[in-house]
Amino acid sequence: AMLRGFQDLVAGSMQDFGWAQQASAMAGGKGNDAATAPFPVVWKAYCSKNPRLRDPRALGAMARRGVPEDMRAEVWRHCLAINAALPVVAPSILPPEATELAAVEDVALSAGLADLIEADVARTFPSNEVFRKLGGPASLRRVLRYLAATDTELGYCQSLNFLAAVLLLVIREEQAVASALERLLVRLGTRGWYTDGMQQLRADTVVLEGLIRERLPGMYDTFQTHSFDLLFVSSKWFLCLFVTVLEGESLCRVWDVILSDGIEAIFRVAFALLARLSEAVEACRSLDDLVILFQADRYEGPAEDLIRSAYSPNLVGTLSRSALAQRRQEAARQVSSGDLRAELRNTHLWRGGVRPASIRAR
């Protein structure tokens, strides 16, 4: 019943969105022939336009239509403003050769950081034969060590290994991937997910929870009843951009829209993934039931259904970039204020200035 409901919603959204027509019109196409033109034709029309005259919505509309596998590296490079002079398709991941990455393996990292990177390299796509045949683990190690050595504010945080690995599988050039990963976090405004006590991750969880409260009240009430912390889900999905719940073409299609539409796409996809579980969530009778449900969850439906659902006005509704930015800012202030109050309470407690009972009362 839950699957049928999700499929009915997707069928309805297909009537609301003319993906090919929308993308073609925004890219500069005209007429019915242009509306059904293959992606390479629409992409060429988009790229040929003066960047100042391009419709800012065109890239996202094309990505939602679906990026062909053999063009994905080119499109991702464009989205992240990565120099496309290097080959975009290669039989194996291009080695760093004389680049800065070549020397980074000799850079001394702290023992704990080096060990963490090494452990995560071994845990990254261990059963993915393509990744291993392309020399992915060695390339991933170099990229992660390079970032840890050169971006000391970011350093290394678990989940960055999955972001780098997905980029390596598509872009296949180490120096470009190192740049792409840094630009990805800036473009999405998510560096704070991996730094500063993960304040921005916690704030964005507040934003997602607000969307659930407004649009999936039954699910929200269930979470409240069982004291379920949505951070349990958001941390798994957000930090690695859905690698833990999607795979293959579904993961790549979601990354297509994330790279083109930015942070808005992350919230839309997360909401769509949650919505498909609404009946299962409301059937849970305990906190353990909810934990087990989300631990085992993997999306196995068609990629097209997930994308259409994420952008369906019947499900997510209106979620403008300006409104989302305002929600994120307000949530960040809320989390920061909460952290400050907690720090002050702890300081008073340790100094003996406030009795523990009065601290709890606050």
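The values are calculated or read from the model by the stated rules, or taken from the named source; none is laboratory data. Only a predicted model underlies this, so the values are computations on that prediction, with no experimental measurement involved. Backbone-built Cβ (ideal geometry, glycine too); neighbour counts: all protein chains shown. Each accessible area value is taken on the protein alone, full model and side chains, heavy atoms only, with ligands, DNA and RNA left out. Shrake-Rupley method; radii C 1.70, N 1.55, O 1.52, S 1.80 Å.
Before moving on, here are some points about what is shown:
- Of all accessible heavy-atom area on segment 214-327, the percent that carbon and sulfur account for (1.4 Å): 50 percent
- Computed packing ranks the peptides 60-69, 125-134, 274-283, 325-334 as 60-69, 274-283, 325-334, 125-134, most packed first, by mean other Cβ atoms within 10 Å.
- A P(r) calculated from all alpha carbon pairs of segment 142-208, with 10 Å bins opening at zero, reads 20, 53, 23, 4 percent.
- With one equal scatterer per alpha carbon and no solvent term, the Debye-computed log10 I(q)/I(0) for segment 163-270 at 0.11, 0.18 1/Å reads -0.38, -0.94.
- Ellipsoid equivalent to segment 246-322 - semi-axes via the Cα gyration tensor, in Å: 24, 15, 11
- Average accessible area per residue (Å²) across segment 182-227 - probe 1.4 Å, nucleic acids and ligands excluded: 42 Å²
- Hz values of 3J(HN,Hα) by residue in segment 318-326 - Karplus curve (6.51, -1.76, 1.60), Gly and Pro given as x: 7, 9, 6, 5, 5, 5, 5, 4, 5
- If R0 equals 22 Å, the separation of the Cβ atoms of Arg57 and Asp151 corresponds to a calculated FRET efficiency of about 0.10.
- Note: relative contact order over segment 95-230, using C-alpha pairs below 8 Å and six or more positions apart, is 20 percent.
- If the Kirkwood radius is taken over C-alpha pairs of segment 103-175, then at 25 °C and 0.890 mPa s the Stokes-Einstein diffusion coefficient equals 200 µm²/s.
- Amide H contacts under 5 Å for Glu173: Leu94, restricted to partners 5 or more places along the chain or on a different chain, H placed in the peptide plane at 1.01 Å from N.
- Gain on full stretching of the segment that runs from Ala81 to Phe232 - 0.36 nm per residue minus C-alpha separation: 51.1 nm
- Ala283-Ser322 FRET efficiency (beta carbon distance; Förster radius 25 Å; 0.05 resolution): 0.10
- Remark: segment 250-306 carries 33 Å² of accessible area per residue (probe radius 1.4 Å; ligands, DNA and RNA excluded).
- Asp339-Thr195 pseudo-label distance in nm [points 7 Å out on the Cα-to-Cβ vector]: 1.2 nm
- Set against the 2.2 N^0.38 Å expectation for a compact globular protein, segment 116-227 has a Cα radius of gyration ratio of 1.30.
- Calculated on the Cα set of segment 110-151, radius of gyration then Dmax: 10.8, 31 Å.
- The modelled label-to-label distance for the pair Glu69/Ala296, using points 7 Å beyond Cα in the direction of Cβ, is 3.1 nm.
- Sulfur and carbon atoms: percent of accessible area, segment 108-187 [1.4 Å]: 51 percent
- Segment 295-300 - phi-based ³J(HN,Hα) in whole Hz, Karplus 6.51/-1.76/1.60, Gly and Pro as x: 5, 8, 5, 9, 7, 10
- In sequence order, segment 57-72 has phi-based couplings of 8, 5, 4, x, 5, 5, 5, 5, 5, x, 8, x, 4, 6, 10, 4 Hz under the Karplus curve 6.51 cos²θ - 1.76 cosθ + 1.60, θ = phi - 60°, and Gly or Pro positions carry x.
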